[in-house]
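Report on the following structure.
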Amino acid sequence: MFHAEVYRNRRRRLISQIGSGLILLPGHLDAPMNYVDNPYPFHQDTSFLYFVGLDQPGMAAVLDADSGTEIVFGSDPTEDSIVWTGPLPTIREQAEQVGISSTMQIEQLPQILRQARQQGRMIHTLPPCRPETAIQLHRLLDIPIDEIPNQCSEPLIRAVVEQRSIKSSDEIRQIESAVEITHAMQRAAARVARPGIREYQVVAAVDHACRWHGGMPGFISIVTTHGEVLHNRVCTETLQPGHLLVCDIGGETPLHYTGDITRTLPVGGRFTARQKDIYAIVHRAQRAAIAAMKPGVEFRAVHRLACVELARGMTAMELMKGDPDQAVAAGAHTLFFPCGLGHMLGLDVHDMEGLGEDFVGYTDTIRRNPTFGWRSLRLAKALQPGFVVTVEPGIYLIPDQIDRWQARNQCRDFINYDALQAWRDFGGIRIEDVTVVTESSCAILGPAFPSTAQQLEEMILSEQSRKDSPY
Ligand SMILES: [Mn+2]
């Protein structure tokens, strides 16, 4: 964890922004996979982690915004539990590490909250992402489960999002280290992705590299020869020469900051001419987007700029036609790029999305555009120094979409449907990096890493000719 002072400052700022009432931050419980003693790997609630820093199941914190009192609730190890877990610190010892001096057993939490409610005090909570937490809030606050989303505190959501959106230098170092783990995962993919190998074997190499470097996957790895399926999690295909393999993967550090990087590898080590052409368009769009990012620039404008770059390239390939600006205004690009350009990243791969995507990416005046493609844009508002954002344009040839659009004659002034027929089986290409907005511009986080088609070919060649131990 970070130094106690880091967590103390975060809580102090939160308390002063909320002003009055109690702030209730429940941590996650262990989530059973099939029975209680066989839980999923524990992952703490990330807002609890951000403000309280403790990474054990079954805890909660109450911050009193009127008096400034902070209490951590948890369970001390018992004679019986130590048999299974070995010696663990007491709740008091844990709380001291994050600068909190008051502790209580978790069983006392209902009583504390009941008292507060009897006194008519406001209890601020965040929207729970897990049903176990929703049930807990229902019991603690006597709110019907279905009502919980409406009863959450908007001032608290806004204050948490505001604070978590700006990454400190400590956090940026963490994300850089997550990016380095993720680079190792990408190199492992490049090393094993040969004809005859199954997609799940690439996943195995990627996961191995992640854990070898002390990380854990930050999300389910997307390793697929069907890159046109944006979040394809089926990975049973056998790699064939000429396949494109999309690897959208990320490792998280022991403090749970995650990476999220995509590379699209040519199986067999060489891109075909048409793959190279499309690759170059996506790469150009990504670099143009990153070059345009700086404080004050709205990310929806960066998204639009990337879309125009993609449309320009597709027009040069004669798969689209007409003026690229007008094509984007008409939404024609969404046939090939039906999603958003990127999202915030931090303790969550889509950072803070559990608190509500619109609170994170939009404002009272910058509203979500509900049209296809645009509605998947997770971040639209103006960039600020300290924002950490992924930039991930792609070109996806989705046969189902092509057929539906063509049947409707959709955007026929901008799409060359006849030429597209020869591209139905192309698949997809995505390139994704993690960037940080600085005082005056934007930079890709982490050490330099292959990103052009030629650099990827060189990386595959060098990884696959290595004779030393894998990592
Ligand atoms: Mn991403």
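What to note about this one:
- The chain: angle of helix 299-316 to the longest principal axis, Cα-based, in degrees nearest 10: 20 degrees
- Across the range 1-104, C-alpha contacts under 8 Å between residues 6 or more apart give a mean separation that, scaled by the residue count, equals a relative contact order of 29 percent.
- With all protein chains in place and a 1.4 Å probe, the accessible surface of the range 169-464 carries 50 percent carbon and sulfur.
- In the assembled protein chains, Y362 presents an accessible area of approximately 20 Å² (probe radius 1.4 Å).
- Mean-position separation - Cα centroids, the range 1-62 and the range 74-113, in angstrom: 13 Å
- Rg ratio (alpha-carbon, reference 2.2 N^0.38 Å) - the range 167-292: 1.09
- Per-selection metrics, the range 247-311 (Cα): Rg and Dmax in Å: 15.2, 43
- Cα-based radius of gyration of the range 4-165 once divided by 2.2 N^0.38 Å, which approximates compact folds: 1.02
- Exposure rank, largest accessible area first [D170, D325; 1.4 Å]: D325, D170
- Base-10 log of normalised Debye intensity for the chain (one unit scatterer per alpha-carbon) at q = 0.13, 0.14 Å⁻¹: -1.21, -1.33
- Per residue, the solvent-accessible area of the chain (1.4 Å probe, heavy atoms of protein chains only, all protein chains present) comes to 44 Å².
- Residue-averaged 222 nm ellipticity for the chain, from DSSP H runs of 4+ at -39500 (n - 2.57), nearest 500: -12000 deg cm²/dmol
- In this simple spin-label approximation, A382 and Q56 carry label points 7 Å from Cα along the Cα→Cβ vector, and these lie 4.5 nm apart.
- Considering only Cα atoms, the convex hull volume of the range 1-85 works out to 111 Å³ per residue.
- Seen against the Cα atoms of the chain and their longest principal axis, helix 453-464 is set at about 70 degrees.
- Whole-percent carbon and sulfur share, accessible surface of the range 1-106, 1.4 Å: 53 percent
- 3J(HN,Hα) along the range 251-267: x, 10, 7, x, 8, 6, 7, 10, x, 7, 10, 10, 10, 10, 9, x, 6 Hz, from the Karplus curve 6.51 cos²θ - 1.76 cosθ + 1.60 with θ = phi - 60°, whole Hz, x for Gly and Pro.
- Length gained when the stretch I166-Q111 is fully extended (0.36 nm per residue, less Cα-Cα span): 16.2 nm
The values are calculated or read from the model by the stated rules, or taken from the named source; none is laboratory data. Values in this document were obtained by computation on a predicted structure and should not be read as measured data. Cβ coordinates were reconstructed from backbone atoms using ideal geometry, including for glycine residues, and neighbour counts include every protein chain displayed. Side chains included, ligands, DNA and RNA excluded: accessible areas come from the protein's heavy atoms. Shrake-Rupley method; radii C 1.70, N 1.55, O 1.52, S 1.80 Å.
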